[in-house]
Amino acid sequence: MPEPIDHLSEFERTAAEVAAVLDRVDPAAVVPNCPGWTLADLAMHLGSGQRWAASIVLSGISQKRPEVLRTTISWSDWYAGTTAALAAALRAVDPDEPCWNFAPVDQRAGFWSRRRMHETVIHLVDAVQAEAREATGLDVIPAEIAADGVDEVFGVFLPRMLARGAKLAVTRQVGVRAIDTGDEWTLTPVSEGDRPQVERGKAAGEAVLSGTAAELDLCLWKRLPADVLEVDGDRSVAAAFLAGKTTP
């Protein structure tokens, strides 16, 4: 059995990679998969999110996002400071301590180390793509992290998007297979407006999507075109699922 992921350590490692990109790339660089954003906007989004998450972890309750004024230091240094603040907050609070989060999952502080790790992973890909337009970002995501990211999309974001009024993404049974890690999921629609049933350990359905864990993760977050994945079964079912609103 694989070792459990240390989400906090992986968050810090990934955040350091983001800070390194911010240090060497023009903050006015365009972020291809975030329309209208520059690298500076990406840094602001990530850093303010880290401050927000830290305030939630320390208080245990929902908080307003901060209105950030960053005027005196580099984006890289400012962002690194927000990383340190969130990491300190996460170390100060037991992961099992009751703590608000936005998802229909256990309301525990440990949610935030996983969530901010995956938020940082996806935006590291954005930063890498801003640095070099031809970059896919696949090489910056370890396979086991990507597989956990896919699982987070299915367990956290599919129900979250429904709660936010998005159209149901899973309307037919779909299987998903990570060919490098061996992780598999089957998503089965239940009823209109309800979260789909997620069964781990097998990939079955009218369509089965296969790819590396990183390819799956980035396709679900709309950072790669869906045609990088292999499809067995009904391609129209696969296309409808991948076109759906699985993530914000």
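The values are calculated or read from the model by the stated rules, or taken from the named source; none is laboratory data. Computed from a prediction, not measured in an experiment: that's the story for all the values here. All Cβ positions, even for glycine, are placed from backbone atoms using ideal geometry, and neighbour counts span all protein chains on display. Areas reflect the complete protein model, heavy atoms only, side chains present, ligands, DNA and RNA absent. Shrake-Rupley method; radii C 1.70, N 1.55, O 1.52, S 1.80 Å.
The table for this structure:
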{"item": "Difference of contour (0.36 nm per residue) and Cα-Cα distance, ILE73 to LYS167", "result": "29.6 nm"}
{"item": "Reach of LYS202 by Cα under 16 Å, taken over lysines that are not fewer than 8 positions away in the same chain", "result": "none"}
{"item": "Two-site FRET efficiency, LYS245 against ALA28, from Cβ-Cβ distance with R₀ of 35 Å, rounded to 0.05", "result": "0.70"}
{"item": "Hits among lysines - C-alpha to C-alpha of LYS167 under 24 Å, sequence gap 8 or more where chains match", "result": "LYS222, LYS245"}
{"item": "Per-pair calculated FRET efficiency, R0 = 25 Å: GLN107 and LYS64 via Cβ, rounded to 0.05", "result": "0.85"}
{"item": "Cα lying deepest toward the dipole's positive end in the chain, options PHE154, LEU8, LEU42, charges on Cβ", "result": "LEU42"}
{"item": "The chain - share of DSSP beta bridges that are antiparallel (%, nearest 5)", "result": "75"}
{"item": "Spin-label pair GLU3/GLU17, simplified geometry with 7 Å Cα→Cβ offset, distance in nm", "result": "1.7"}
{"item": "Per residue accessible area in Å² of the chain, where ligands, DNA and RNA are left out and the probe is 1.4 Å", "result": "47"}
{"item": "Relative packing of peptides 211-219, 8-16 - highest average C-beta neighbours within 10 Å first", "result": "211-219, 8-16"}
{"item": "Whole-percent carbon and sulfur share, accessible surface of region 135-179, 1.4 Å", "result": "48"}
{"item": "Within region 111-155, GluC sites (Glu not before Pro) in DSSP loop having at most 14 other beta-carbon neighbours inside 10 Å", "result": "GLU134"}
{"item": "Pairwise FRET efficiency - GLU134 versus ASP234, Cβ, R0 = 25 Å, nearest 0.05", "result": "0.15"}
{"item": "Mean Cβ neighbour count within 10 Å, used as a protection proxy, ranking 62-68, 227-233 highest first", "result": "227-233, 62-68"}
{"item": "Highest average packing first - 168-175, 72-79, Cβ atoms within 10 Å", "result": "168-175, 72-79"}
{"item": "Of ILE61, PHE241, THR181, farthest towards positive along the dipole that unit charges on Lys, Arg, Asp, Glu beta carbons give the chain", "result": "ILE61"}
{"item": "Region 179-238: trypsin sites (Lys or Arg not before Pro) in DSSP loop, at most 16 other beta carbons within 10 Å", "result": "LYS202, LYS222"}
